[in-house]
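First comes the structure, then the notes that go with it.
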Amino acid sequence: MKIKELLASKKIALLVAVGVGVLVVIGLVYWAFSSSSPFRESSKPSENSRDSSNGGAGGSGDQTYTNDEVDISFDYPSDWEIKQEYFYETAAGEKATVPTIILGRKSDSANATSNQISINLRQASCMGAGSVAYESAGSTKVAIYTQPGSSQKCAEATADGKDKNGKTTPYALISFFDDQSVKDVFIEVVKSFKATS
C-alpha cells in the first residue's frame, strides 16, 4: 500500500511542477511581447533627427535626413519617408550606439519586407543571395546580389558614420528589392551618406 501512495504523491508533484513550468513560460511570453519589454523596438523618431527639403540636385525635391545625436546625414527622394528609427536595445538593457533607420516609399506599408532601405538593421545581410555584381555610388562600392530564377535582388554597402560616442563606425546599408527604382534610390542614399562633423 505504501508503494501506491508514494507513486501517487510523485505523480502529484510532477503535475504541480509541469503546471508551474507552463505558467512560467506563459509569463515569459507575455513579458517578451508587452510594451515595456526590452525586446520591443520603438519606431518613433529620435528627438535628435530631422528631415528637411533641400531641393535636391537639379531641384528634384530631395529631402535630407540629419541625426545630430550621431552626426550623420543622407539625401532621399521626396516621395520616400523614414518608416522607422530606433536605437536597438538587448534583453540585458544594452543600447546600440548607432541608430537603425528604415526608409520606404510613402505609398508603401511600414511593414513591407522589400523595396525599402535599411540602415544598421540587426542581422541583415545579402550574403548567399546569389551572384554578385558591383556598382559605384560615388567612392563607395555597392554589391548587387541576384538570386537565379527570382526577380528579387539585394543591394548592400557600408558607409562611415559616427556613433553616440563620436567614434567613426561603419553603417551597414541593405535593401531587398524587385523594383529597379529602389536600387537607384539606394545608390543615391549611399552616395550622399556622410558624417556631418
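Here are the numbers for the structure shown:
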| quantity | calculated |
| --- | --- |
| Qualifying residue in region 163-173 (condition: acidic (Asp, Glu) and under 21 Å from Gln123 (Cβ atoms)) | yes |
| Selection from region 133-160 of residues that are touching a Lys or Arg at 6+ places or on another chain (Cβ under 8 Å) and β-branched (Val, Ile, Thr) | Thr140, Ile144, Thr146 |
| Residue match in region 171-183 (condition: buried (at least 19 other Cβ atoms within 10 Å of the Cβ), more than 23 Å from Glu81 (Cα to Cα) and at pLDDT 90 or above) | no |
| Complete set of residues in region 129-146 that are surrounded by 15 or more Cβ atoms within 10 Å (Cβ to Cβ) and not acidic (Asp, Glu) | Ala129, Gly130, Ala137, Thr140, Val142, Ala143, Ile144, Tyr145, Thr146 |
| From Ser131, Ser181, Ser151, Ser114, residue being touching a strand residue (DSSP E or B) at 6+ places or on another chain (Cβ under 7 Å) and farther than 27 Å from Tyr88 by Cα | Ser131 |
| Sole residue being without any contact (Cβ under 8 Å) to a residue 12 or more places away in the chain, at positive phi and of a type outside the set (Lys, Arg), chosen from Gly138, Gly128 | Gly128 |
| Residue that is out of contact with any helix residue (DSSP H, G or I) (no Cβ under 6 Å at 6 or more places or on another chain) and assigned to a strand (DSSP E or B), where the choices are Lys141, Lys183, Lys164 | Lys141 |
| Cβ pairs under 9 Å, 6+ apart, first in region 175-197 and under 9 Å from Lys153 (Cα atoms) and not assigned by TED's automatic domain parsing to the domain that holds Lys141, second of a type in the set (Phe, Trp, Tyr) and not in a strand (DSSP E or B) | none |
| Answer from Ala137, Ala143, Ala133, Ala124 - the residue that is in the same structural domain as Lys83 (by TED's automatic domain parsing) and at pLDDT below 90 | Ala124 |
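Yes/no per residue for (1) in contact (Cβ under 8 Å) with a residue 12 or more places away in the chain; (2) part of a loop (DSSP other than H, G, I, E, B); (3) touching a helix residue (DSSP H, G or I) at 6+ places or on another chain (Cβ under 8 Å):
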residue: Ser73; (1), (2), (3): yes, no, yes
residue: Lys83; (1), (2), (3): yes, no, no
residue: Ala91; (1), (2), (3): yes, yes, no
residue: Gln123; (1), (2), (3): no, yes, no
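The values are calculated or read from the model by the stated rules, or taken from the named source; none is laboratory data. All figures in this text were calculated on a predicted structure; none of them were measured in a lab. Cβ coordinates were reconstructed from backbone atoms using ideal geometry, including for glycine residues, and neighbour counts include every protein chain displayed.
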